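Q: If you scroll down you'll find the structure; I have some questions about it.
The values are calculated or read from the model by the stated rules, or taken from the named source; none is laboratory data. Keep in mind that what you see is a predicted model, and the values were worked out from it rather than measured. Please note: Cβ atoms are built from the backbone with ideal geometry, for glycine as well, and neighbour counts cover all protein chains shown. These accessible areas exclude ligands, DNA and RNA; they are computed on the full protein's heavy atoms, side chains included. Shrake-Rupley method; radii C 1.70, N 1.55, O 1.52, S 1.80 Å.
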Amino acid sequence: MTDDERFMGLAIAEAEKAEATGEVPIGAVIVKDGEVIATGYNRREELQESTAHAECLAIQAASRKLGTWRLSGCTLYVTLEPCPMCAGAVILSRIDRLVYGTPDPKAGCAGTLMNLVTDDRFNHRAQVENGVLRDQCAHLLTHFFRQLREQKKRLSEK
């Protein structure tokens, strides 16, 4: 098992925490010098806050831990390709490397719809690696949304 797979496994565990609370199962882990310094999982429904994405919460926690908003030397592991807001947070926090599990065809901004994190027009770019534990990351999401659709169908049949 590679380090990327090991840390993505931890991000998957964060995503499972989100799913257990009824949130979309997305998890994030930030690593510096081989050590996990922050984690996060989606909490939008719990906090009723549109910005409470796994990546943003992990970035906030990492900044508090390091005492700086500059997260140079860090790698962000996230189960789903970041949306525009989270891709922007990667750039603005100066994260050096982004590793994600599965692409997001509806909002992915690290290679699918566009690639904000490597765009030369910004003053910072992150190296991107994708597809790490892709099947496991994708399964979490497909299972969650399948269950949600079945639940809505059962409710509408009543």
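Q: State the number of residues belonging to the range 68-85 that are out of contact with any Ser or Thr (no Cβ under 9 Å at 6 or more places or on another chain) and not small (G, A, S).
A: Of the residues in the range 68-85, 7 are out of contact with any Ser or Thr (no Cβ under 9 Å at 6 or more places or on another chain) and not small (G, A, S).
Q: Could you check, for the range 102-125, whether at least one of its residues is touching a residue at least 40 places away in the same chain (Cβ under 8 Å) and in contact with a strand residue (DSSP E or B) (Cβ under 6 Å, 6 or more places away or on another chain)?
A: No, that holds for no residue.
Q: Moving on to the next point. I need a count of the residues in the range 64-90 that are without any contact (Cβ under 8 Å) to a residue 40 or more places away in the chain, among the charged types (D, E, K, R) and under 20 Å from T118 (Cβ atoms).
A: Selection size over the range 64-90: 1.
Q: Can we say G101 is touching a Lys or Arg at 6+ places or on another chain (Cβ under 6 Å), crowded, with 24+ Cβ neighbours inside 10 Å and among the small types (G, A, S)?
A: yes
Q: Residues to consider are E129, E150; find the one that is surrounded by 10 or more Cβ atoms within 10 Å (Cβ to Cβ), acidic (D, E) and over 15 Å from the mean Cα position of the chain (by Cα).
A: E150
Q: Only one of (1) in contact with a Cys (Cβ under 7 Å, 6 or more places away or on another chain); (2) aliphatic (A, V, I, L, M); (3) open to solvent by 60 Å² or more (accessible area, probe 1.4 Å) is not met by I12, so which one is it?
A: Evaluating I12 over (1) in contact with a Cys (Cβ under 7 Å, 6 or more places away or on another chain); (2) aliphatic (A, V, I, L, M); (3) open to solvent by 60 Å² or more (accessible area, probe 1.4 Å) leaves (3) as the failure.
Q: Shifting gears a bit: From (1) part of a helix (DSSP H, G or I); (2) under 18 Å from R94 (Cβ atoms), pick out the condition that doesn't hold for F7.
A: (2)
Q: For the range 78-89, does any single residue satisfy the condition of being closer than 25 Å to T2 by Cβ, assigned to a loop (DSSP other than H, G, I, E, B) and open to solvent by 10 Å² or more (accessible area, probe 1.4 Å)?
A: No, the range 78-89 has no match at all.
Q: So, one more: Go through the range 17-63 residue by residue and tally those that are outside any strand (DSSP E or B), without any contact (Cβ under 8 Å) to a residue 12 or more places away in the chain and surrounded by fewer than 16 Cβ atoms within 10 Å (Cβ to Cβ).
A: Count: 5.
Q: Return a yes/no flag: does the range 106-115 have any residue that is of a type in the set (D, E, K, R), under 25 Å from R146 (Cα atoms) and open to solvent by less than 10 Å² (accessible area, probe 1.4 Å).
A: No, there is no match, as no residue in the range 106-115 is of a type in the set (D, E, K, R), under 25 Å from R146 (Cα atoms) and open to solvent by less than 10 Å² (accessible area, probe 1.4 Å).
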